[in-house]
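The values are calculated or read from the model by the stated rules, or taken from the named source; none is laboratory data. Here the structure is a predicted model, which means the values were calculated and not measured. Cβ atoms come from the backbone with ideal geometry, glycine included; neighbour counts cover every protein chain shown. Just so you know, the surface numbers come from the protein's heavy atoms only, side chains and all, with ligands and any DNA or RNA stripped out. Shrake-Rupley method; radii C 1.70, N 1.55, O 1.52, S 1.80 Å.
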Amino acid sequence: MERKVRVRFAPSPTGGLHLGGVRTVLYNYLFARHHKGDFVLRIEDTDQTRFVEGAEQYIMNCLEWCGLIPDESPENGGPHVPYRQSERKHLYKDYAELLIESGHAYIAFDTPEELEKMRAENKRDDNTNPQYDQRIRGLMRNSLTLSAEEVAALIAQGTPYVVRIKMPENETISLTDMIRGEISFDSSLVDDKVLLKADGMPTYHLAVVVDDYLMQITHAFRGEEWLPSAPVHVLIWKYLGWKEKMPLWAHLPLILKPDGNGKLSKRDGDRLGFPVFAMNWTDPKTGEITKGFKEMGFLPQAFVNMLAMLGWNPGVEQELFTMDELVQRFSMERVHKGGAKFNFDKAKWFNHQYIQHTDNAVLAGLVKPFFLQSAPEAIQVSGEILEKVVGMVKDRCHLLTDFWEQGHFFFVTPEIKEMAVIKDKWNDQKQQFFTAWITELENMSDWNHDALETGCNELAPKFGLKKGDVMLPLRIMLVGGKFGPGVFAIAELIGKEETIKRIKSITG
RNA sequence: GGCGUGUUGGUCAAUCGGUUAAGACGCCUCCCUUUCACGGAGGAAUGACGGGUUCGAUUCCCGUACAUGCUACCA
């Protein structure tokens, strides 16, 4: 008797895909896979004024990057095509009419100006936001206040109208939320939401119910911001006679900004220097680019893992999970109720962990595009060299973009940024040592780490120098700064000619 | 203003009435390393506040405070 689990992610294609959106997708995906169910992508494009070119394809790209591929979608179809609400437009009106016939909805002719006027006139200190509620509806121009003839005439004249739900008086509407338990609302305090707009498109309220029903959705997950309109949706399910089929709801906690309070927004990312969108988003109107986690150098697996743990945890100490492990362990009941402040440092930590655990050859492939971006001319190196470099510097890298910063000196002669470290303690002994060592290096037949190190160690004392006196200047000469892997390992890899060249550039 | 939801260390968080209130990130100290990292060992919470219920509350109930969301012919 159990229905097959079917969940859906229903974004509206209006711009970049936010962290919170990706997390909603992820929880949908994990839940569906855990229960061997279906994961549907449905595009909620009923607001034609907010349509943004390319946003839908962009969302698909983000899901693909994250490895959260829907089973059914506008692109790949499925048993419930179409998956774009704009293409389902014809479906909704019939249901709105059904509601009118049963007396649970009505036609309203009020113009936007009239609505504005109503709000202005009814605004009080103790009611700063007048709603189209049971008192107000008796004062407006709708099929409740007008006679049937008047209504018919207005429609015949082509007067634009909307369909509104008629909220009952003094009823307690309650629902069970998988995360929050029982939640109830007083119907008298919910307003008569518009269900069908004047352009014939449904609003979210009608569309979400009709489509969830038609697509046989069993569990509906969405952000906490939807909670206040949940009673409207519950009532529509009931009035349409589908109550038995209503999905189980779960309202996910919000992702908050790191400083202060409030929902994390794109602006916060710009302000604090971290991405909020999954991938780069280019506004087609302004051309403005907003950075994404992908382009910032995140591994999708790390990004997903981090998101999974932001608001949910399996109750064990382990924090690193493969997608399969997440699928296995995920349960909606363990989602935290309160919102979570986004912590970019922790996100970077996850990425660092994944970088360490990724095979060097694979990592080299991932890093290469970033290298090409940083210095296209520098990359005429073999994959083998890149792989070695990646292996040598990976423990210093949190983001893929860090690899160039940490390993550029393997490919290009570095700019000496810490010249003072060499100059301040320079003396004749050092000058003589390096001159002598260069000669030694030039004659070295077996160029490798160990030979270089022993050679250096044996030569330094002859000039009254300790190993420590010589190591740091050498590092700066080869690397440009006080960082990086072992100096001799670097020298081995960049080769004799380049090593000598870099030393000479300082010693003259 | 109204309605909803939430509140364990700077952050993410475990605890499903009885613990010295886990762990992770970040921060600080030390060790390792004659660089930077990595790694290792330490340090830092009287669980928003006030009432109950109970032999016993971080855990259950109520109130207050605070935070946040919604209050469009947007989703």
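Descriptive notes on the structure:
- Residues in segment A:312-340 that are of a type in the set (A, V, I, L, M) and open to solvent by less than 60 Å² (accessible area, probe 1.4 Å) were compared, and the one that is nearest to RNA strand B (Cβ to nearest atom) is A:Ala340.
- Residues that are loosely packed, with under 15 Cβ neighbours inside 10 Å, more than 10 Å from RNA strand B (Cβ to nearest atom) and either at pLDDT below 95 or over 48 Å from the mean Cα position of the chain (by Cα) (or both) do not occur anywhere in segment A:467-475.
- Residue in segment A:181-196 that is buried (at least 18 other Cβ atoms within 10 Å of the Cβ), closer than 29 Å to A:Asn313 by Cβ and within 13 Å of RNA strand B (Cβ to nearest atom) present: no
- Just one of the listed residues (A:Asn343, A:Asn351) is outside the structural domain of A:Pro485 (by TED's automatic domain parsing), surrounded by fewer than 17 Cβ atoms within 10 Å (Cβ to Cβ) and within 16 Å of RNA strand B (Cβ to nearest atom), and it is A:Asn343.
- Residues of segment A:235-256 classified as surrounded by 20 or more Cβ atoms within 10 Å (Cβ to Cβ), outside any strand (DSSP E or B) and within 15 Å of RNA strand B (Cβ to nearest atom), total: 3
- Filter pass, A:Thr218 being near RNA strand B (Cβ under 10 Å from one of its atoms), crowded, with 18+ Cβ neighbours inside 10 Å, hydroxyl-bearing (Ser, Thr, Tyr) and in contact (Cβ under 8 Å) with a residue 40 or more places away in the chain: no
- Within segment A:404-427, the residues that satisfy the criterion of being more than 14 Å from A:Ala460 (Cβ to Cβ) and either among the hydrophobic types (A, V, I, L, M, F, W, C) or more than 51 Å from the chain's Cα centre (by Cα) (or both) are A:Trp404, A:Phe409, A:Phe410, A:Phe411, A:Val412, A:Ile416, A:Met419, A:Ala420, A:Val421, A:Ile422, A:Trp426.
- Elements of type helices (runs of 4 or more DSSP H) in segment A:316-414, at least 3 residues being out of contact with any Pro (no Cβ under 7 Å at 6 or more places or on another chain), under 30 Å from A:Gly20 (Cα atoms) and not aromatic (Phe, Trp, Tyr): A:323-329, A:344-357, A:360-374
- If you go through segment A:221-234 and keep only what is closer than 16 Å to A:Ser184 by Cα and near RNA strand B (Cβ under 8 Å from one of its atoms), you end up with A:Glu224, A:Glu225, A:Trp226, A:Leu227, A:Pro228, A:Ser229, A:Ala230.
- Residues being under 18 Å from the mean Cα position of the chain (by Cα), surrounded by 15 or more Cβ atoms within 10 Å (Cβ to Cβ), within 13 Å of RNA strand B (Cβ to nearest atom) and farther than 22 Å from A:Met60 by Cα are represented in segment A:296-309 by at least one member.
- Identity of the residue in segment A:436-452, open to solvent by 50 Å² or more (accessible area, probe 1.4 Å) and in a helix (DSSP H, G or I), that ends up nearest to A:Glu498 (Cα to Cα): A:Glu442
- Residue in segment A:384-393 that is under 23 Å from the mean Cα position of the chain (by Cα) and either buried (at least 19 other Cβ atoms within 10 Å of the Cβ) or modelled with pLDDT of 95 or more (or both) present: no
- Segment A:139-180: number of residues that are open to solvent by 50 Å² or more (accessible area, probe 1.4 Å) and part of a helix (DSSP H, G or I): 7
- Residue in segment A:425-456 that is nearest to A:Ala364 (Cα to Cα), counting only those that are among the charged types (D, E, K, R) and within 15 Å of RNA strand B (Cβ to nearest atom): A:Asp450
- Close contacts from segment A:419-431, counting a first residue that is closer than 14 Å to A:Met477 by Cα and a second that is open to solvent by 60 Å² or more (accessible area, probe 1.4 Å), with Cβ to Cβ under 7 Å and a gap of 6+ residues or different chains, come to A:Val421/A:Leu472; A:Val421/A:Lys482.
- Entry remark, segment A:93-121: residues being open to solvent by less than 60 Å² (accessible area, probe 1.4 Å) and either hydrophobic (A, V, I, L, M, F, W, C) or not assigned by TED's automatic domain parsing to the domain that holds A:Leu139 (or both) number 9 in total.
- Of everything listed in (1) free of Cβ contacts under 8 Å to residues at least 60 places away in the same chain; (2) assigned to a helix (DSSP H, G or I); (3) under 20 Å from A:Leu154 (Cβ atoms), the single unmet condition for A:Ile107 is (2).
- A:Val412 satisfies every condition listed in (1) at pLDDT 95 or above; (2) aliphatic (A, V, I, L, M); (3) more than 14 Å from RNA strand B (Cβ to nearest atom); (4) under 14 Å from A:Leu493 (Cβ atoms) except (1).
- A:Glu53 vs. criteria more than 11 Å from RNA strand B (Cβ to nearest atom), open to solvent by 70 Å² or more (accessible area, probe 1.4 Å) and modelled with pLDDT under 95: yes
- Residue in segment A:351-364 that is touching a residue at least 40 places away in the same chain (Cβ under 8 Å), of a type outside the set (A, V, I, L, M) and touching a Cys at 6+ places or on another chain (Cβ under 9 Å) present: yes
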